[in-house]
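Following: one structure in structure tokens, then a few remarks.
The values are calculated or read from the model by the stated rules, or taken from the named source; none is laboratory data. Model, not experiment: these values are computed from the prediction. Here the Cβ positions follow ideal geometry from the backbone for every residue, glycine too, while neighbour counts run over all protein chains shown. Ligands, DNA and RNA are excluded from the accessible area calculation, which covers all protein heavy atoms including side chains. Shrake-Rupley method; radii C 1.70, N 1.55, O 1.52, S 1.80 Å.
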Amino acid sequence: MNIANRFKAAATAALVLALAACSTHAAKQGTGEVSFPDPDRIVLKEGTFPNVANLRSIGPGVTKEQLYHLLGRPHFSEGFAPKAWNYLFHFRTPEGVVTCQYQVQFDDEKRGQSFHWAPASCADVLDPPAPPVAPAAAADGVARFSLSADALFAFGRSGVADIKPDGSAELKRIAAEISAAKDSQVTVVGHTDRIGSDESNQRLSQARADTVRGVLASHGVAAGSIRAEGRGEAEPVTRDCADSLAHRALVACLAPDRRVEIAVSGSR
């Protein structure tokens, strides 16, 4: 096993030890060692599945009000005028759910200035995701793209004006790939999570599929070659998001279900 693989294995083992200990420590940041509270002292018992995009937007100078908006209230009882807020977060990975502790330390102006993880390897969740890449030669001759609806649209929205800048750039890139194919046929399918009524979810998924269809067409894909359909909440990909979760945690847990899939067939 090379050094990099041994490091990854050690980081995984550290996760279990870090959360089981009465007090845990992250890697040093600056000159001091950071102490984390015992997970058994958590007030919000289940922790949360945070919005990773919100985590990426946090940096030095963030206020407590902004943190509350982005991450919710701290998960531990911090006392009067705390110098730090602590959270217990869960993340979905190909290997399963990973649990991490996160701490924000404040300066005398009550602004966040340093940010810590236990184990320290959990900071990797902030790395930007790799853009979806169509398979070079899919077994059935169909190239597929799966895009997070949360990355494409503002929550609960579906119009062209609601598409986020990164989502717009990604659709433009995909449109260029599709346009390079000959005689391509494109199917855009919108999906939602199970929150809300069947009827409203069906409308939302269809509206998002229609919007993506229009954006692809605006970037040069022949409109007549694109079919758009919404399937509402009928085809979830999540399996272990309990309805007993707090609303914010349930919304985060169900994020993979909110997606837009694009299938492209045709010769190159």
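Miscellaneous remarks
- Residues (part of a strand (DSSP E or B) and either open to solvent by 40 Å² or more (accessible area, probe 1.4 Å) or basic (Lys, Arg) (or both)) located in the stretch 62-92: 92
- Options 252, 209, 242; residue that is assigned to a loop (DSSP other than H, G, I, E, B) and either under 30 Å from residue 90 (Cα atoms) or not aromatic (Phe, Trp, Tyr) (or both): 242
- Hits in the stretch 138-182 - residues which are open to solvent by less than 50 Å² (accessible area, probe 1.4 Å), outside any helix (DSSP H, G or I) and either touching a strand residue (DSSP E or B) at 6+ places or on another chain (Cβ under 7 Å) or not hydroxyl-bearing (Ser, Thr, Tyr) (or both): 138, 141, 142, 143, 145, 147, 153, 154, 156, 159, 163, 181
- Checklist (1) more than 23 Å from residue 238 (Cβ to Cβ); (2) at pLDDT 95 or above applied to residue 81, failing item: (2)
- Selection status of residue 190, part of a helix (DSSP H, G or I), surrounded by 13 or more Cβ atoms within 10 Å (Cβ to Cβ) and either of a type in the set (Phe, Trp, Tyr) or modelled with pLDDT of 85 or more (or both): no
- The set of residues in the stretch 215-264 being over 12 Å from residue 188 (Cβ atoms), acidic (Asp, Glu) and open to solvent by 40 Å² or more (accessible area, probe 1.4 Å) consists of 233, 235, 240, 243.
- When the stretch 104-122 is filtered for residues that are assigned to a strand (DSSP E or B) and open to solvent by 10 Å² or more (accessible area, probe 1.4 Å), the ones remaining, listed by number, are 105, 106, 111, 113, 114, 115, 117.
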